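**Student:** Have a look at this one.
The values are calculated or read from the model by the stated rules, or taken from the named source; none is laboratory data. Worth saying up front: this structure is predicted, and the values here are computed from it rather than measured. Here the Cβ is made from the backbone with ideal geometry for all residues, glycine too, and neighbour counts use every protein chain on show. What goes into the accessible areas is simple: the full protein's heavy atoms, side chains included, and nothing from ligands, DNA or RNA. Shrake-Rupley method; radii C 1.70, N 1.55, O 1.52, S 1.80 Å.
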Amino acid sequence: MKRNKVIVVGCGRLGASIATKLSEMGEDVHILDVNEDAFRKLRETFSGFEMVGDATDLSVLENAQIKQAKSVVVTTNNDNTNIFIAHVAYYVFNVPRIVVRLADTDKGELLVGTRITPIYPFTLSLNQYLSMNGGGEDR
Ligand code: AMP
């Protein structure tokens, strides 16, 4: 089966912005959120599919066509939820590219040995602050 979709989990500010941008770039985007109101954050240029559901439920991910996903971006507001969904995408559905937002940098340990890539807003903010002050990067 052809893997040509991008699944974005969580339609908060980050998820909605990523989904809109990818959609504008011509990607086939499916965005999932437990809360239908969250889709109001999508801009009018978003032309993908919006799906209401709890992404910790495997059947919800299947309905979002995760088996055809080349990439999954996980951006709910809970690190444990994000890691669980990323693990399901990796171990169950073998998605080639998985990116997960994590507030707690220590939780990155749970991704070691996988192809799951973390994004840490804390580290990005710290490094931006340090670079403004001529300091080096913190890792
Ligand atoms: P934010 O905290 O603004 O980045 O938004 C996170 C989004 O993730 C919210 O819109 C939540 O409704 C959504 N969310 C939280 N848990 C889940 C879940 N299990 N499945 C799908 N979406 C979720």
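**Student:** Most mobile of L42, L22, L110 per a Gaussian network model of the chain (Cα springs, under 10 Å)?
**Tutor:** Among L42, L22, L110, the largest GNM mean-square fluctuation belongs to L110.
**Student:** Per residue, how much accessible surface does the chain expose to a 1.4 Å probe? Answer in Å², no decimals. Spell out each step's value before the answer.
**Tutor:** On the way: 8070 Å² over 139 residues.
Here the per-residue accessible area is 58 Å².
**Student:** Still on this structure: Stokes-Einstein diffusion coefficient for the chain at 25 °C in a medium of 0.890 mPa s, Rh from the Kirkwood formula over Cα pairs: what value in µm²/s?
**Tutor:** For the chosen part, D equals 159 µm²/s.
**Student:** D for the range 1-45, whole µm²/s, Stokes-Einstein with Kirkwood Rh over alpha-carbon pairs at 10 °C and 1.306 mPa s: what number?
**Tutor:** Details: Rh = 10.6 Å.
Estimated via Stokes-Einstein, D reaches 150 µm²/s.
**Student:** For the modelled label position 7 Å from the Cα of V52 along Cα-to-Cβ, which residues of the range 75-92 have backbone nitrogen atoms closer than 20 Å?
**Tutor:** Under 20 Å, as judged by backbone N against the label point of V52, lie 76-77 of the range 75-92.
**Student:** Using each residue's phi in the range 12-23, evaluate 6.51 cos²θ - 1.76 cosθ + 1.60 at θ = phi - 60° and report the 3J(HN,Hα) Karplus result to the nearest Hz, with x for Gly and Pro.
**Tutor:** Working through the residues one at a time gives x, 4, 5, x, 5, 5, 5, 4, 5, 4, 5, 5 Hz.
**Student:** Tell me the trypsin sites (Lys or Arg not before Pro) within the range 34-76 that lie in a loop according to DSSP and have at most 13 other beta-carbon atoms within 10 Å.
**Tutor:** R43
**Student:** Sticking with this structure for a sec: Using a Cα-Cα cut-off of under 17 Å, which lysines could be cross-linked to K21, ignoring same-chain neighbours fewer than 8 residues away?
**Tutor:** Those lysines meeting the cut-off are K5, K41, K70.
**Student:** Roughly how big is the range 5-132's charge dipole about its Cα centre, with Cβ charges of +1 (Lys, Arg) and -1 (Asp, Glu), in debye to the nearest 20?
**Tutor:** 400 debye
**Student:** If you roll a 1.4 Å probe over the range 5-132 with all protein chains in place, what percent of the accessible area is carbon or sulfur?
**Tutor:** Carbon plus sulfur share of accessible area: 51 percent.
**Student:** Could you state the number of Å between the C-alpha centres of the range 67-139 and the range 10-24?
**Tutor:** Result: 16 Å between the Cα centres.
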